[in-house]
1. Out of the residues in region B:29-43 that are hydrophobic (A, V, I, L, M, F, W, C) and surrounded by 13 or more Cβ atoms within 10 Å (Cβ to Cβ), state the one that is nearest to B:Asn116 (Cα to Cα).
2. Looking at the structure I just gave you, is B:Phe70 out of contact with any Ser or Thr (no Cβ under 6 Å at 6 or more places or on another chain), within 14 Å of chain A (Cβ to nearest Cβ), closer than 16 Å to B:Ala39 by Cα and surrounded by 15 or more Cβ atoms within 10 Å (Cβ to Cβ)?
3. Collect the residues in region B:134-146 that are open to solvent by less than 90 Å² (accessible area, probe 1.4 Å) and either more than 16 Å from B:Thr63 (Cα to Cα) or touching a His at 6+ places or on another chain (Cβ under 8 Å) (or both), keeping them in residue-number order.
4. Does B:His107 fit the bill of being touching a residue at least 24 places away in the same chain (Cβ under 8 Å) and under 18 Å from B:Ala39 (Cβ atoms)?
5. Being more than 14 Å from every other protein chain (Cβ to nearest Cβ) and within 23 Å of the chain's Cα centre (by Cα): is that true of B:Ser40 here?
6. Scan region A:58-79 for residues that are outside any loop (DSSP other than H, G, I, E, B) and open to solvent by less than 100 Å² (accessible area, probe 1.4 Å) and jot them down.
7. Please identify the pairs in which a residue from region A:37-54 that is touching a residue at least 24 places away in the same chain (Cβ under 8 Å) and closer than 14 Å to B:Val16 by Cα has its Cβ atom under 8 Å from the Cβ atom of a residue that is exposed (fewer than 14 other Cβ atoms within 10 Å of the Cβ) and small (Gly, Ala, Ser), counting only partners at least 6 apart or on another chain.
8. Filter region A:19-43 down to residues that are surrounded by fewer than 16 Cβ atoms within 10 Å (Cβ to Cβ) and at the interface with chain B (Cβ under 7 Å from one of its Cβ atoms), then give me how many there are.
Amino acid sequence: MDWQGQKLAEHLLQIFLIAFAITAFIVGYSLASFQLMLAVYAGGVVLTSLMIIPNWPWFNKHPLKWLEPGEAEKYPKPVKEKEGAAGGGTKKKGWAQDGFREYFR
Amino acid sequence: MHSFGYRANALLTLSVTILAIICGIASFSDTFNSPSPSASIQVLNVNRFQKLDDEVSLTLNITADLQSLFTWNTKQVFVFVAAEYETLKNSLNQVSLWDGIIPSQEHAKFWIRTTNKYRFTDQGSNLRGKEFNLTLHWHVMPKTGKMIADKIVLTGYVLPQEYR
């Protein structure tokens, strides 16, 4: 799913559940049947889950443009030169390790 | 919302929260019901009146119309008849004589003639010539929400002066 699809999924989830809850209550109250209210609501939950959980194509209308692997190799990530680092060293240095002065050099 | 698990979890929690809210509103809708129940009890006969710990056996004729207590959110109504009287030792004695469960509105208007289901005894020998009330209590048990209890007090019943 892409970002727009995720937003759509969240909106659909909230709107459909609340709409089904309101219809279920109105139906149950007017027909004086508690069981009917629960049945309508349960049906609504199942329908909503079928709508938003699987990865439907309408959730992927705005796909992300990932960088091609060939392009990525042309511009390698810069490696920072560190004085006093032993051997190959680690790529990342946490601020809590070896004193923070190294980090702020 | 980036994975199946995430969406399934969001759906589950939101649906259960909304279900709780619906049940709360359903329970609240019970306050709009203004019930008007009625009942009357006749003591047809005093069958036995023993001296050993003062036991009475009565035949009761219980008539009641509790149909207005039922709403769409009512599971059942538990009803019981209690005899209430005063003694020197206790200001209030309550003895349950009969109870029953009313499962639906159709059964709520009833007439029953029965001996007391549970023993009407006293702790002592205070029942000769005793004036007592018969109270019809009911508990309205909802499908969701708060249970409501109420009663009707019927006065003017007297036990005989002598054992028989």
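The values are calculated or read from the model by the stated rules, or taken from the named source; none is laboratory data. Just so it is clear, the structure is predicted and the values come from calculations on it, not from any experiment. Ideal geometry is used to build each Cβ from the backbone, glycine not excepted, and the neighbour counts take in all protein chains shown. The accessibility values were calculated without ligands, DNA or RNA, using every heavy atom of the protein model including side chains. Shrake-Rupley method; radii C 1.70, N 1.55, O 1.52, S 1.80 Å.
1. Ranking the qualifying residues of region B:29-43, first place goes to B:Val43.
2. yes
3. Once the filter is applied, which keeps residues that are open to solvent by less than 90 Å² (accessible area, probe 1.4 Å) and either more than 16 Å from B:Thr63 (Cα to Cα) or touching a His at 6+ places or on another chain (Cβ under 8 Å) (or both), region B:134-146 yields B:His139, B:Val140, B:Met141, B:Pro142, B:Thr144, B:Gly145.
4. When the stated conditions are applied, B:His107 does not pass them.
5. In short, yes.
6. A:Phe59, A:Asn60, A:Pro69, A:Gly70, A:Glu71, A:Ala72
7. A:Gly44/A:Ala19
8. 2
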